[in-house]
Amino acid sequence: MADRVTVIGWDGSPLTAAARSALGAATLVAGAAHHLALPEVPARAERIRLGSVSLAARRITGHRGTAVVLADGDPGFFGVVRTLRAPEYGLEVEVVPAVSSVAQAFARAGMPWDDAQVVVAHRRTLRRAVNVCRAHTKVAVLTSPGAGPAELGLLLEGVHRTFVICEELGTEREQVTVVTSDKAADHSWRDPNVVIVIGGPVTTGAPEGGGWLAGGDPDTSQRGWALPAAAYAGPFGEGETELLRAAQLARLGPKSGDLVWDIGCGSGAFTAEAARFGAAVIAVDRDPDACARTLATARRFGVQAQIVHGTAPHDLEDLPEPDVVRVGGGGAAVVSAVADRRPARIVTHAATRDAAELIGRDLTEHGYDVECALLQSVELDTRVWTEKERTVGFLLSGRLPDRHP
């Protein structure tokens, strides 16, 4: 194992005295091509072109001497430090940090970033990164080959955002470009780059004068979830009661990086609730008044949602792939069309047992594990403890075993 491992962050500025001292004593140096070309790298040192960090970590583990790893920006922020400190390598490292590429990007844009989400986009995480861009008004995306500005723009079709694209920060070829998301695919972009994704409908939930939590706190106006009807404008459909909504949310478990379809959005109550969990939401309804109510509800709660005025299942065909879906209207035909798209989870409701059995059989035929429960709620007037309202309905949920839980 190496006697000493130092990780040096590099942001294009001159190396610090501590960094120069570590490099001067190095017998092995790992980094990208532009790092290995730095004049401070000793000519006698073994050099490793840093592609796979895991491979480099294995080489360092077997090295007898002093190792240095060079990385862009702050190596402790979505960087190499996590891999080098993994238990399988047993490396203890010293870190000489630099300004992170995210901080540099926002500095170039002249924008604060304590209220920004930060995500990493690889080929396997690109869709989830895009969903975060759908759900939030300010996101920094650390890109990678095959998951860059062009791919982000293509997957954001139907959602208008502004891209601030920062290429090769800290180098002589540094360039900052501002384009709309629909134009990003028309250009070729150099790696590495950071994309600041900003925009979306104006909301009222963000605190004035800055917040207190990094990443933003979109809704501080209401505590809890599955809020009572009084929190929304209404009118409410049969599938929007407070307790049914609570059960739907519990079955779906929307979270950051998810894309939720809310089909038959009605008052917008479920759309707002799912978005408050950090998920991206596409709300669909054939009633233009329902679409307007849902948009107003999202704005009132300070969350983002894409509203689609259309009729299911026909108008679902061009929507991006969902992770979880609530079907608030349309019955078995819509549920079947949704199941064809293979979301991880689906919830819906039925007014009768026959309708519930029909939906349940169809979900089973699509390969879903199905649960059905008869929910009955009785609202009481606590002044005299008499019944005010009674609702009864079937809650159906389907979980696809071969997708993430």
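The single condition from (1) more than 15 Å from Asn193 (Cβ to Cβ); (2) without any contact (Cβ under 8 Å) to a residue 60 or more places away in the chain that Val69 fails is (2).
Scan the range 167-185 for residues that are hydrophobic (A, V, I, L, M, F, W, C), in contact with a Phe, Trp or Tyr (Cβ under 9 Å, 6 or more places away or on another chain) and open to solvent by less than 50 Å² (accessible area, probe 1.4 Å) and report the count.
Summing the residues that are hydrophobic (A, V, I, L, M, F, W, C), in contact with a Phe, Trp or Tyr (Cβ under 9 Å, 6 or more places away or on another chain) and open to solvent by less than 50 Å² (accessible area, probe 1.4 Å) in the range 167-185 gives 2.
Take the range 186-198 and flag every residue that is over 15 Å from Gly110 (Cα atoms) and surrounded by 15 or more Cβ atoms within 10 Å (Cβ to Cβ). First the steps, then the outcome.
Residues of the range 186-198 that are over 15 Å from Gly110 (Cα atoms), as a first pass: 186-193.
Trp189, Pro192, Asn193 - these are the residues of the range 186-198 that are over 15 Å from Gly110 (Cα atoms) and surrounded by 15 or more Cβ atoms within 10 Å (Cβ to Cβ).
Screening Asp285, Asp289, Asp258 for residues that are open to solvent by less than 10 Å² (accessible area, probe 1.4 Å) and either under 14 Å from Gly234 (Cα atoms) or in contact with a helix residue (DSSP H, G or I) (Cβ under 7 Å, 6 or more places away or on another chain) (or both) leaves exactly one candidate, Asp258.
This table checks each residue for (1) without any contact (Cβ under 8 Å) to a residue 24 or more places away in the chain; (2) not β-branched (Val, Ile, Thr).
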| position | (1), (2) |
| --- | --- |
| Ala344 | no, yes |
| Ala355 | no, yes |
| Val370 | no, no |
| Glu379 | yes, yes |
| Val384 | yes, no |
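Taking each residue of the range 25-49 that is more than 23 Å from Leu169 (Cβ to Cβ) and looking for partners that are open to solvent by 20 Å² or more (accessible area, probe 1.4 Å) and in a loop (DSSP other than H, G, I, E, B) with beta-carbon atoms closer than 7 Å, six or more apart or interchain, yields Leu28/His63; Ala45/Thr27; Glu46/Thr27. Candidates are the residues of the range 21-66 that are closer than 16 Å to Ala2 by Cα and touching a Lys or Arg at 6+ places or on another chain (Cβ under 7 Å); the one that is surrounded by the most Cβ atoms within 10 Å (Cβ to Cβ) is Val29. Just one of the numbered conditions (1) within 24 Å of Pro254 (Cβ to Cβ); (2) open to solvent by 20 Å² or more (accessible area, probe 1.4 Å) is not true of Ala129: (2).
For the range 292-310, how many residues meet the condition of being of a type in the set (Gly, Ala, Ser) and surrounded by 23 or more Cβ atoms within 10 Å (Cβ to Cβ)? Walk me through it before giving the result.
Here is the first cut: in the range 292-310, the residues of a type in the set (Gly, Ala, Ser) are 292, 296, 298, 302, 305, 310.
Narrowing the set further to residues that are surrounded by 23 or more Cβ atoms within 10 Å (Cβ to Cβ) leaves 298, 305.
So the count comes out to 2.
Inside the range 362-404, residues that are open to solvent by 80 Å² or more (accessible area, probe 1.4 Å), under 18 Å from Asp340 (Cα atoms) and assigned to a loop (DSSP other than H, G, I, E, B) make up a count of 1. For first residues located in the range 290-304 and closer than 13 Å to Ala231 by Cβ and modelled with pLDDT under 95, partners that are among the basic types (Lys, Arg) and open to solvent by 10 Å² or more (accessible area, probe 1.4 Å) and lie 6+ apart or on another chain with Cβ distances below 7 Å form the pairs Phe301/Arg276.
If only residues of the range 77-114 that are of a type in the set (Phe, Trp, Tyr) and part of a loop (DSSP other than H, G, I, E, B) are counted, the one that is farthest from Pro14 (Cα to Cα) is Tyr89. Just one of the listed residues (Glu157, Glu238) is modelled with pLDDT of 85 or more, on the phi < 0 side of the Ramachandran plot and of a type outside the set (Lys, Arg), and it is Glu157.
Restricting the search to strands (runs of 3 or more DSSP E) fully inside the range 1-61 and requiring at least 2 residues that are under 34 Å from the mean Cα position of the chain (by Cα) and closer than 20 Å to Arg82 by Cβ gives 4-10, 28-31. If I filter the range 311-358 down to residues being open to solvent by 10 Å² or more (accessible area, probe 1.4 Å) and among the acidic types (Asp, Glu), which single residue comes out as nearest to Arg286 (Cα to Cα)? Restricting to residues being open to solvent by 10 Å² or more (accessible area, probe 1.4 Å) and among the acidic types (Asp, Glu), the top hit is Asp315.
Kindly indicate whether any position in the range 380-387 is within 33 Å of the chain's Cα centre (by Cα) and of a type in the set (A, V, I, L, M). Talk me through it step by step, then tell me what you get.
Quick first cut of the range 380-387, residues within 33 Å of the chain's Cα centre (by Cα) only: none.
No; the residues of the range 380-387 include none that is within 33 Å of the chain's Cα centre (by Cα) and of a type in the set (A, V, I, L, M).
Being in contact with a Phe, Trp or Tyr (Cβ under 9 Å, 6 or more places away or on another chain), closer than 29 Å to Glu389 by Cα and among the polar types (S, T, N, Q) is the requirement here; does Ser267 meet it? It is true that Ser267 is in contact with a Phe, Trp or Tyr (Cβ under 9 Å, 6 or more places away or on another chain), closer than 29 Å to Glu389 by Cα and among the polar types (S, T, N, Q).
The values are calculated or read from the model by the stated rules, or taken from the named source; none is laboratory data. Computed from a prediction, not measured in an experiment: that's the story for all the values here. Every residue, glycine as well, gets a Cβ built from its backbone with ideal geometry; the counts of neighbours run over all protein chains shown. The protein model used for the area step is the full one, side chains on, heavy atoms only, and it has no ligands, DNA or RNA in it. Shrake-Rupley method; radii C 1.70, N 1.55, O 1.52, S 1.80 Å.
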